[in-house]
Amino acid sequence: MFDISDLQTHIEKGLHSWIAEMQIRRGNELHFQIEREAVVPLTQLLHSELGGELMLMVADDRRSDRGQFEVHYLFAHDSFKGFVRATVGIPALDPTIPSLATYSLPAARFEREIQDLFGIQPVGHPDCRPLVRHSAWSADYFPLRKDASPLTESATEEVPFPFKEVMGEGIYEIPVGPVHAGIIEPGHFRFTVEGETILKMKARLYYTHKGTEKLFEGKLPIEGVELAERISGDTTVGHALAYCQALEALSGCEVPERAKLLRVIFLELERLYNHIADFGAIANDTGFAAAHAHCFRIREQLLRLNKRLTGNRLLRGGIVLGGANHALPPNLDLAAELDTILADFNDIVEIGFNNTLLTDRLHGTGQLSPQVADDYGTLGYVARASGQDRDVRRDRPFAAYQDLSFQVPVFETGDVYARTMVRVLEVRESVRLIQQAIELLPETGALAVTLPSLPAFEPAFGLVEGWRGAIVHWVMVDHQGKLHRVKVKDPSFVNWPALSKALVNNIVPDFPLCNKSFNLSYSGADL
Amino acid sequence: MTNMMSYGLEIGQMLLALALAPGLVGLVRWLKARLQNRLGAPPWQPYLELRKWLAKDVVMSTNASWIFQATPYIVFGSTVTVTLLVPLIATPIAFDAVGDLLVVVYLLLLGTFFLALAGLDAGTAFGGMGASREMTIAAIAEPTIALSISGLAIGSGSTNLGQILTTTLTDPAAAISPSHFLAFAALFIVVLAETGRLPIDNPATHLELTMIHEAMILEYSGRYLALIEWASWTKFLLFLSLLANLFVPWGMATLVTLPTLALATAAWIGKLILLASAIALLETRVAKLRLFRVPELLSLSFVLALLAVTSSLVLK
């Protein structure tokens, strides 16, 4: 079997002259430094020959202590559930990196993000239009550099974004947004259509850069949990857990068994209320408002349950560094409550799917082919509806998932129906998971441990299957034990471009339905 | 019937139609909310909306021409005219001779036509999108209306509304002919399309990209919006009244006396509530059709109308 030492041998053999400080950490992580010119050969080796996926790219400003920028590449290797982290030093006076855009579409997006936030140019990138940057930032303003101060005034000159124009007879553009009807975040959608048929859709996001990653810097690790909970309002537990797991991995501490099970309960409760609300919202976008009203009622019941569990409707405060914060209240039969809720939800799903007008709208709409889903590195239900059998809970178990049994639903059609069905089946699995966790949950025992001191400038990461998909948090602390760099990857970051692909050849009035079936976070992408 | 009285009746039924239209739409909304297990806004909410819009300023696109400004008045004016031509509570009425069914239908379509123009006029993408969709639908709905009405006209030998009603009232056996049922079914589907109800258009959506009627009027605000919405609610009431009175005219006053008129008004409101409930129930049960399936549904209603005409000719 292929294992981490084989991988080490392969990499050393192929790239030995460019590699330094190679070591194995935490059993399945291979860490090393690499020369800038070896990034492309490394990707070729990992991506094309050894079957690794580029999961994350993190840039870091180390000019004050090392006189250089650093870019970390994190690859995930499926066959033995391992990771490869390669770090490249980039001279402060020549901030460029060789682009991996032609090897990996996620890399293309990460490089554009790094270009906008750090001013490190990807050389050879086929499309380095700004991603995060809007014209309010002056050209020499790079907010994540350590010497960047908060923007006091914005550049007033509005520079139009270079949308690719499609020419031809009968072809016109529909600009939608950034301000929308309804309570959602800003995003501009530029449709190129022929009649009602969508030829191309380009989403221009990042209208509300909040400086989330910058806000982490200089905070104590314990202070970062609250911020992590607020990265994307509907993914409180997912982000908090990924953040805590990253720091726990860094410290090497083990979370108590009781807390691991509670973490499963909280994470699945979050999945429940979001998936159920999504089912209703998808039905509502077909005009079947009755299902929406009932799903919203169930969501409200779940939010009230959340409040009884953690004191907060969105489960804030449930996850803490080193464990969990709230045991189950003694007078609450959570398993029975969830049985009632699930029966209720199953009824609504049955009523919805018995309505042929509704199912007719879902079948074949917004198809994302398995190939495209794979190329874009999509995550979560979007990936699983398009034949990508990926679920961090099963593939790289965290918290207490290795002790629990559950199915991962996978569909091949990649349409709105498949994305809806993945959610419906996951709701059922989540209830089962919570009930198993309650069975195993010890009555007494520590809820959390205190983290030992954290090694400075060592990278570590946490990986969690949130309700939307895999979330990664990357952390590094400085010599005072304060956060030096936190990089957040919400699944929306890679799923947004896949939405554009799914829309091609659909009709304009089906866009809201496709969009709802993806239900991507603006805030999670626009940090 | 003296002239004074019949003109009084005309004015009375016009005012009544305008006054009841917001309430009827509010009732459908409220019933839908109740059927969806929601509390819903009270049925009189549309009156409050009208008051709000009338108090607000009008904001206009700099690209808009006179069409944009004239349209609300044309739409409202043509609808008010129709309230004078359709027998709502009594038959025959004084203006029967002024316009027949075809005039009624095309006056209503005149409003649709100008709304589509105004949708294009402001120069926004949504307006043009809504206008193009509305015209796609109107192109199929229009002949269906004319055809299904012909089904009735052939039976009574006249396109005059009062004449059709009188024939049905005096010869009830004719009202239960197959052609009446077919024409009713055809007209019911077309009414759903013309008044922007599910499964053709979703009157409750906020999603601009899926809208038809709402997309056309997105640019309107203030008193213009009030006029257009009031007209479209009145159009809804008129179509329901047509459905009710053409096919089930019983209860209408044939003599102009206070008790018969009171009774007829009650019967008319009762029929409207019944139809409104049916529409609320239908809208709760169905989902919106994919846009390209709408023509299929409308073609179905066209076929029904064609059958209505054929059967009335064959069975005559």
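The values are calculated or read from the model by the stated rules, or taken from the named source; none is laboratory data. None of these values were measured; they are calculated from a predicted model. Counting neighbours? That spans all protein chains shown, and the Cβs are built from the backbone with ideal geometry, glycine included.
On inspection, A:D403 passes the criterion of being surrounded by fewer than 16 Cβ atoms within 10 Å (Cβ to Cβ), in contact with a helix residue (DSSP H, G or I) (Cβ under 7 Å, 6 or more places away or on another chain) and free of Cβ contacts under 8 Å to residues at least 60 places away in the same chain.
Conditions (1) modelled with pLDDT of 95 or more; (2) under 21 Å from A:K260 (Cα atoms); (3) part of a loop (DSSP other than H, G, I, E, B), marked per residue:
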{"residue": "A:G366", "(1), (2), (3)": "no, no, yes"}
{"residue": "A:R384", "(1), (2), (3)": "yes, no, no"}
{"residue": "A:Q388", "(1), (2), (3)": "no, no, yes"}
{"residue": "A:P397", "(1), (2), (3)": "no, yes, yes"}
{"residue": "A:V410", "(1), (2), (3)": "yes, no, yes"}
{"residue": "A:Y417", "(1), (2), (3)": "yes, no, no"}
{"residue": "A:L425", "(1), (2), (3)": "yes, no, no"}
{"residue": "A:P452", "(1), (2), (3)": "no, yes, yes"}
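Somewhere in the stretch B:281-295, is a residue more than 14 Å from chain A (Cβ to nearest Cβ), in contact (Cβ under 8 Å) with a residue 12 or more places away in the chain, of a type outside the set (D, E, K, R) and touching a helix residue (DSSP H, G or I) at 6+ places or on another chain (Cβ under 8 Å)? The answer is no; no qualifying residue exists.
To keep it simple, each residue is scored yes or no on (1) acidic (D, E); (2) under 30 Å from A:Q301 (Cβ atoms).
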{"site": "A:T208", "(1), (2)": "no, no"}
{"site": "A:E223", "(1), (2)": "yes, no"}
{"site": "A:T235", "(1), (2)": "no, yes"}
{"site": "A:L247", "(1), (2)": "no, no"}
{"site": "A:L250", "(1), (2)": "no, no"}
{"site": "A:R263", "(1), (2)": "no, yes"}
{"site": "A:E268", "(1), (2)": "yes, yes"}
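Every condition in (1) charged (D, E, K, R); (2) under 26 Å from A:Q8 (Cβ atoms); (3) not in a strand (DSSP E or B) holds for A:E53 except the one numbered (3). When A:V422, A:V508 are screened for being under 30 Å from A:P186 (Cβ atoms) and in contact with an Asp or Glu (Cβ under 9 Å, 6 or more places away or on another chain), only A:V508 passes. Looking across the stretch A:360-400, the residues that are within 14 Å of chain B (Cβ to nearest Cβ), crowded, with 19+ Cβ neighbours inside 10 Å and farther than 22 Å from A:L272 by Cβ come down to A:R361, A:T365, A:G366.
Residues in the stretch B:204-213 that are over 19 Å from B:M135 (Cβ atoms) and either more than 7 Å from every other protein chain (Cβ to nearest Cβ) or not in a loop (DSSP other than H, G, I, E, B) (or both): B:T205 alone.
Would you check if A:P130 is surrounded by fewer than 11 Cβ atoms within 10 Å (Cβ to Cβ), more than 14 Å from chain B (Cβ to nearest Cβ), in contact with a Lys or Arg (Cβ under 8 Å, 6 or more places away or on another chain) and not charged (D, E, K, R)? Criteria not met by A:P130. Under the condition of being out of contact with any helix residue (DSSP H, G or I) (no Cβ under 8 Å at 6 or more places or on another chain) and surrounded by 19 or more Cβ atoms within 10 Å (Cβ to Cβ), the residues counted in the stretch B:243-266 number 1. Residues that are closer than 20 Å to B:R197 by Cα and either within 26 Å of the chain's Cα centre (by Cα) or without any contact (Cβ under 8 Å) to a residue 40 or more places away in the chain (or both) within the stretch A:288-320 comprise A:A289, A:H292, A:A293, listed in sequence order. Taken together, the residues in the stretch A:324-359 that are outside any loop (DSSP other than H, G, I, E, B) and away from every other protein chain (no Cβ under 14 Å) amount to 15.
Rundown of residues vs (1) over 30 Å from A:E196 (Cβ atoms); (2) assigned to a helix (DSSP H, G or I); (3) touching a Leu at 6+ places or on another chain (Cβ under 6 Å), yes/no style:
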| residue | (1), (2), (3) |
| --- | --- |
| B:L88 | yes, no, no |
| B:V105 | no, yes, no |
| B:L109 | no, yes, no |
| B:L115 | no, yes, no |
| B:A118 | no, yes, no |
| B:G123 | no, no, no |
| B:A131 | no, yes, yes |
| B:G151 | yes, yes, no |
| B:T166 | yes, yes, no |
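A single member of B:L297, B:L307, B:L274 is assigned to a helix (DSSP H, G or I) and more than 20 Å from the chain's Cα centre (by Cα), and it is B:L307. Determine the pairs where a residue that is not assigned by TED's automatic domain parsing to the domain that holds A:D375, located within the stretch A:105-121, has a partner that is in a helix (DSSP H, G or I) and of a type in the set (S, T, Y) with Cβ atoms under 9 Å apart, the partner being 6 or more residues away or on another chain. From the stretch A:105-121, the pairs are A:A107/A:T43.
Within the stretch A:216-237, residues that are free of Cβ contacts under 8 Å to residues at least 60 places away in the same chain sit with their Cβ atoms under 7 Å from residues that are assigned to a helix (DSSP H, G or I) and among the aromatic types (F, W, Y), at 6+ positions apart or across chains, in these pairs: A:L227/A:F216. Output the residues belonging to the stretch B:26-52 that are in contact with a helix residue (DSSP H, G or I) (Cβ under 6 Å, 6 or more places away or on another chain), in a helix (DSSP H, G or I) and either modelled with pLDDT under 95 or within 14 Å of another protein chain (Cβ to nearest Cβ) (or both). B:V28, B:L31, B:K32, B:L35 - these are the residues of the stretch B:26-52 that are in contact with a helix residue (DSSP H, G or I) (Cβ under 6 Å, 6 or more places away or on another chain), in a helix (DSSP H, G or I) and either modelled with pLDDT under 95 or within 14 Å of another protein chain (Cβ to nearest Cβ) (or both). For A:R85, the conditions (1) under 17 Å from A:A38 (Cβ atoms); (2) among the basic types (K, R); (3) surrounded by fewer than 17 Cβ atoms within 10 Å (Cβ to Cβ) all hold with the exception of (3). Would you check if B:S311 is more than 14 Å from every other protein chain (Cβ to nearest Cβ), crowded, with 22+ Cβ neighbours inside 10 Å and under 23 Å from B:T167 (Cβ atoms)? Answer is no for this residue.
The combined condition, being under 25 Å from the mean Cα position of the chain (by Cα) and modelled with pLDDT under 95, is fulfilled by A:A460.
Residues are listed down the side, and each one gets a yes or a no for (1) buried (at least 18 other Cβ atoms within 10 Å of the Cβ); (2) in contact with a Leu (Cβ under 7 Å, 6 or more places away or on another chain):
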residue: B:A204; (1), (2): no, no
residue: B:R223; (1), (2): no, yes
residue: B:S241; (1), (2): yes, yes
residue: B:K271; (1), (2): yes, no
residue: B:K288; (1), (2): yes, yes
residue: B:S299; (1), (2): no, no
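Taking A:P160 as the residue in question, decide whether it is within 24 Å of A:D127 (Cα to Cα), within 14 Å of chain B (Cβ to nearest Cβ) and either part of a helix (DSSP H, G or I) or out of contact with any Leu (no Cβ under 6 Å at 6 or more places or on another chain) (or both). Here the answer is no, as A:P160 does not meet what is asked. Residues of the stretch A:422-474 that are charged (D, E, K, R), surrounded by 21 or more Cβ atoms within 10 Å (Cβ to Cβ) and over 27 Å from A:A86 (Cβ atoms): A:R423, A:E426, A:R468.
A count restricted to the stretch A:36-61 and to residues that are crowded, with 19+ Cβ neighbours inside 10 Å and either touching a residue at least 60 places away in the same chain (Cβ under 8 Å) or within 18 Å of A:E113 (Cβ to Cβ) (or both) stands at 10.
Of everything in the stretch A:242-298 that's within 14 Å of another protein chain (Cβ to nearest Cβ) and not in a helix (DSSP H, G or I), which residue is surrounded by the fewest Cβ atoms within 10 Å (Cβ to Cβ)? In this case the residue turns out to be A:G287.
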